[in-house]
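Some notes on the structure that comes next.
The values are calculated or read from the model by the stated rules, or taken from the named source; none is laboratory data. As the structure is a prediction and not an experimental result, all values here were calculated from the model. Neighbour counts are summed over all protein chains in view; Cβ atoms, including those assigned to glycine, are modelled from backbone coordinates with ideal geometry. Surface accessibility is based on the protein's heavy atoms, side chains included, excluding ligands, DNA and RNA. Shrake-Rupley method; radii C 1.70, N 1.55, O 1.52, S 1.80 Å.
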Amino acid sequence: MTGYDSVPTAGARLSINLDAIVRNYRRIVAMAPRRIVAGVVKANAYGLGASAVSSALAAGGCSHFFVAQVSEVAAVRAVVPPDAVIYVLNGLPAGAEGACIAGRAIPVLNSLEQIAAWRAAAGARRTRLAAVLQVDSGMARLGLTADAVDQVVARPELLDGIDLRFVMSHLACADETDSPANERQRARFEAICARLPALPRSLANSGGAFLGTQFHFDLLRPGIALYGGTPRPDVTMEPVVSLTADIIQIRTVPAGAGLGYGLTTPAPTDRIVATIGVGYADGWPRRLGNRGSVFLAGVRAPIVGRVSMDSSLIDVTAIPEAARRPGAPVELLGPHQTVDDVAADAETISYEILTQLGARYARRYLGAQTSETLRSAVA
Ligand SMILES: *Cc1c(COP(=O)(O)O)cnc(C)c1O
């Protein structure tokens, strides 16, 4: 993989540590021995790049991948070994059967309609087609309803022609360790599975992986934990991303003057304010205006005024002078500020911060070399 362009043409530099992703993956593998641990790489691997991430995970021993949409299959298929398995969580939109088969993807069938369409596709091709069956164990989002499960139980021929690989469900509160909903969903999932053909089972996302082995079943589906997000409040994963901008300009804003759009937040004293070239068009939340922070030389600097489309203002009055000159680096994500910290300031979740990371950042992947080494070691 290449480094950043030598000429700084972007507002900020995003670095993505592929080795850290693989180490986070292996941590979950170590927690769930003899289970399959898949990698969830939907939404462009949570914004970090489906190709780079999938190939690093494959090199690190991952052979099962989940995307959300059929349109996401090709990028993963292109970089993983031929025998890697790719599942589509949202299932099968009407008419997408051919695309799914062409990508050798396995749809997660969520409804009787999707089951019927996949069965028809198998019949038309005089073959059996692999699928995963999702059941709703209480989240009310995707998967067979209780009525639909009854129908499948009453009429097993509905599944003729379908080679079911496993049954899955999804936890609504896996990040809330003490939520009674987790055990309720686990019990309901077990009860539903007991009525269906005996198949491997899958329930755990990242949070579920940390809820205990009774949630692991046969296949785990972590996403956010691979990317350094906190899967539950008391568990920290290795950080994966860092985001660094440079100061564009610096000035003294006199006492009593507001700043930025709307001239918000006048201060009682003079302050030194710096501008960085990162704004809401880069996925840096507008909500961080007058509430978020960045770090210069390890010292916190508050974001002041509203976040603009292409820039943000930071109060650097308290920053040592050498660290606040034009061109000086500003940490937005890194050792002093995690994705979860920024998410908390913006009143959102790490998932949203990652998946919104801007397309304009200069991106650099770290650790690809190691992944190459791992790949040849695995081959
Ligand atoms: C996104 C998703 C996952 C991964 O969830 P994380 O919380 O990121 O680990 C697993 N399973 C399903 C069904 C999902 O939609």
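Considering only the other residues whose Cβ falls under 9 Å of the Cβ of residue 149, what net charge follows from Lys and Arg at +1 and Asp and Glu at -1?
The answer is -2.
Which of the peptides 74-81, 202-209 is most tightly packed, and how do the rest follow, judged by the mean count of other Cβ atoms within 10 Å per residue?
Those peptides, ordered most packed to least, come out 202-209, 74-81.
Quote the FRET efficiency, to the nearest 0.05, computed for residue 31 versus residue 263 with a Förster distance R0 of 56 Å and r equal to the Cβ-Cβ distance.
0.60
Label point 7 Å out from residue 297 along Cα-to-Cβ: which residues of the range 236-262 have amide N under 18 Å?
Within reach of a label on residue 297, which here means backbone N under 18 Å from a point 7 Å along Cα→Cβ, the range 236-262 contributes 245-252.
Hey, got the Cα dimensions of the range 115-174 along the principal axes, in Å, largest first?
41, 22, 15
Place a point 7 Å from the Cα of residue 213 along the Cα-to-Cβ direction; which residues of the range 27-47 have their backbone N under 19 Å from it?
From the range 27-47, the list is 27-38.
Could you work out how far apart the two model spin labels at residue 157 and residue 325 are, taking each label as a point 7 Å from the Cα in the direction of the beta carbon, and quote it in nm?
Each label point lies 7 Å from its Cα, and together they span 8.2 nm.
Which value, in Å to one decimal place, does the Kirkwood hydrodynamic radius take for the range 168-317 when every pair of different Cα atoms is included?
About 18.8 Å, per the Kirkwood formula over Cα pairs.
What span do the alpha-carbon atoms of the range 1-137 cover on each of the three principal axes, reported in whole Å from largest to smallest?
Over the range 1-137, Cα extents along the principal axes are 55, 38, 30 Å.
For the range 290-339, what does the alpha-carbon gyration tensor say about shape, rounded, prolate or oblate, given a ≥ b ≥ c as the root eigenvalues, a/c under 1.5 as rounded, and a/b over b/c as prolate?
oblate
Go through 41-54, 18-31 and give me the packing order, highest mean Cβ count within 10 Å leading.
Per-residue mean Cβ counts within 10 Å order the peptides as 41-54, 18-31.
Leaving ligands, DNA and RNA out of it, report the carbon-plus-sulfur percent of the accessible area of the range 84-155 at a 1.4 Å probe.
52 percent
If you rank 261, 365, 280 by how much accessible surface each has, with a 1.4 Å probe, what is the order from largest down?
Putting 261, 365, 280 in descending order of accessible area: 261, 280, 365.
Take the alpha carbon gyration tensor of the range 8-86, find the square roots of its eigenvalues, order them as a ≥ b ≥ c, and report rounded if a/c is under 1.5; if not, report prolate when a/b exceeds b/c, else oblate.
Since a/c reaches 1.5 but b/c is at least a/b, the shape of the range 8-86 is classed as oblate.
Count charges around residue 172 for me, please; just the other residues with Cβ under 12 Å from its Cβ, Lys/Arg as +1, Asp/Glu as -1.
Surrounding charge for residue 172 is +1.
Would you mind listing how long the chain runs along its three principal axes, going by Cα atoms, in whole Å with the largest first?
77, 45, 38
Identify, among 367, 269, 259, the residue whose Cα sits farthest towards the positive end of the charge dipole of the chain, taking +1 on the Cβ of Lys and Arg and -1 on the Cβ of Asp and Glu, with the dipole about the Cα centre.
367
Using the beta-carbon distance between residue 190 and residue 359 and R0 = 41 Å, what value does 1/(1 + (r/R0)^6) give for FRET efficiency, to the nearest 0.05?
So, using R0 = 41 Å, E works out to roughly 0.40.
When the dipole is taken about the Cα centre of the chain, and only Lys, Arg (+1) and Asp, Glu (-1) are charged at their Cβ, what size is it in debye, to the nearest 20?
I would put it at about 560 debye.
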